[in-house]
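The next block holds one structure in the form of structure tokens; read it before the comments.
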Amino acid sequence: MAQQAGSGTDGRNGRRPVVLAVEQALSMSYATLRFVHLGWRVIRVEATPAEGRRSPGDPNRYIGRPVPGAGCRSYFVAPNVGKQAIALDLKQPEGRSALQRLVERLPVDVFCTNTLPARHVGFGFDYDALRARREDLIWCCISALGPKHPDVPGYDPMLQALCGFMDLTGHPDGPPLQCGPPLADLKAGDEAFTQVILALYERERTGKGKRIDISMAQAAVSWLHTFLPMLDLGSPPEELRRSGNEHRQFIPVNAYPTRDGFLYMALGSDAQWKRFVEQPLFAGLATDERTTNEGRRRDRKALHAAIAAVTREHDAAGVSAALAAAGVPHSPITPIEKVPELPFVAATALHTTTPGGTPVRLPPPAVETPHLAERGGELPFAPGYGEHTDAVLAEVGYSSEEIAELRKRGVAA
């Protein structure tokens, strides 16, 4: 696949920024997907086949359902649409030399990796080595605990366990649970995206590159604003731990049964409570103590039970109508297979097409971009393993004979 068309430019010379990423799994792959959404060129670098290993490159290529003719399985698709893929053996000097030539001659604006920091120097893509090739390079790494802990690997569930997320997720009488979406992965990816954008903005003014290190753990814990300070302000740990579908502080916020399924309501102020109990359906719940959130918090067990006793006698549509009349935020529990049909999702969802012609719906971008609008939301399918190795190496001056020799020696694949 040739370099993909797009409107995103770096503002310096009118060309699209180029991102080279030694990436695998989800966290950095998601970060660089956001650059794809801007119309930037993203080239992912994967490892060449290793002896005794049946599945070369990114392990995520081999997770999920098979996609005929695609060189990957379904789990790999969404974070990698619109990218190019090459395969180099960075354990060999010629592989490291090829990567450094790419940085210098493409030229690369942003280098990204989520390889263990302890391996950067050996693979030839530590910040100092690549800055010597391109002084204004933006260099970004995501790792489990940052460069002070270079040998520590980490995946999202492990980070959720380490950073307290699992202690906060689940029912009070049940085991700790991980959140459904991989929040630690995605938070770190969003942070890498943001910090790279800021670094490029600074480069516009200073002409200088920058090193960026993202700790997945630090990024995850940075989200605990409504928990950690409360420990020092009088809240015992038990007050913050697993609370099922209840909100720990705002009452009533919970999922309640109806005749035809659960309905979630989130009442966030005393004014909403006043409107809530003015509805005939819920008028019997009004008491003097429940006028304030603190009073409702003290009475929360009885209140939750009383609301459930009312809602289970009615269908979801009737309960929803009463909540809407009171201006109380609420929603049914949407099955995951129905999420693509939600109007605001259907209107902004992206899409791609498999090599066999099967259309595939993708999540919408976090924010719509001109590049995606120009493409009508269609992005090229995720690249096959090593699909663009020859084309990209030729672009930086390797002859066909040299590329054939690199392939013969296992340096490229």
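The values are calculated or read from the model by the stated rules, or taken from the named source; none is laboratory data. All values derive from a computational prediction rather than experimental measurement. Ideal geometry is used to build each Cβ from the backbone, glycine not excepted, and the neighbour counts take in all protein chains shown.
Determine if the stretch 47-57 includes at least one residue that is over 21 Å from the mean Cα position of the chain (by Cα), closer than 25 Å to Asp185 by Cα and without any contact (Cβ under 8 Å) to a residue 60 or more places away in the chain. Looking through the stretch 47-57, at least one residue is over 21 Å from the mean Cα position of the chain (by Cα), closer than 25 Å to Asp185 by Cα and without any contact (Cβ under 8 Å) to a residue 60 or more places away in the chain.
The residue pairs whose first member lies in the stretch 319-342 and is in contact (Cβ under 8 Å) with a residue 12 or more places away in the chain, whose second member is in a helix (DSSP H, G or I) and among the polar types (S, T, N, Q), and whose beta carbons are closer than 8 Å, counting only pairs six or more residues apart or on different chains, are Val319/Thr311; Ala326/Gln272; Gly327/Gln272; Val328/Gln272; His330/Ser320; Pro332/Ser320. Contact map, the stretch 65-81: residues that are assigned by TED's automatic domain parsing to the domain that holds Leu26 paired with residues that are of a type in the set (Lys, Arg) and exposed (fewer than 15 other Cβ atoms within 10 Å of the Cβ), Cβ distance under 7 Å, separation 6+ or inter-chain. Pairs shown: Arg73/Arg65; Ser74/Arg65. In the stretch 1-55, the residue that is modelled with the highest pLDDT out of those that are loosely packed, with under 14 Cβ neighbours inside 10 Å and among the aliphatic types (A, V, I, L, M) is Ala50. Could you list, in sequence order, all residues of the stretch 120-148 that are within 23 Å of the chain's Cα centre (by Cα) and surrounded by fewer than 20 Cβ atoms within 10 Å (Cβ to Cβ)? Within the stretch 120-148, Leu145, Gly146, Pro147 qualify.
Test Leu90 against the criterion of being in contact with a helix residue (DSSP H, G or I) (Cβ under 9 Å, 6 or more places away or on another chain), buried (at least 18 other Cβ atoms within 10 Å of the Cβ), part of a helix (DSSP H, G or I) and modelled with pLDDT of 95 or more, and give yes or no. Even if it seems obvious, please write down each step before you answer.
Numbers: in contact with a helix residue (DSSP H, G or I) (Cβ under 9 Å, 6 or more places away or on another chain): yes; buried (at least 18 other Cβ atoms within 10 Å of the Cβ): yes; part of a helix (DSSP H, G or I): no; modelled with pLDDT of 95 or more: yes.
The answer is no for Leu90.
Only one of the listed residues (Ser243, Ser269) is touching a residue at least 40 places away in the same chain (Cβ under 8 Å) and small (Gly, Ala, Ser). That residue is Ser243. Total residues in the stretch 192-223 satisfying the condition of being buried (at least 20 other Cβ atoms within 10 Å of the Cβ) and free of Cβ contacts under 8 Å to residues at least 40 places away in the same chain: the figure is 1.
Summed over the stretch 23-68, the residues that are touching an Asp or Glu at 6+ places or on another chain (Cβ under 8 Å), of a type in the set (A, V, I, L, M, F, W, C) and more than 16 Å from Ala366 (Cβ to Cβ) give a count of 3.
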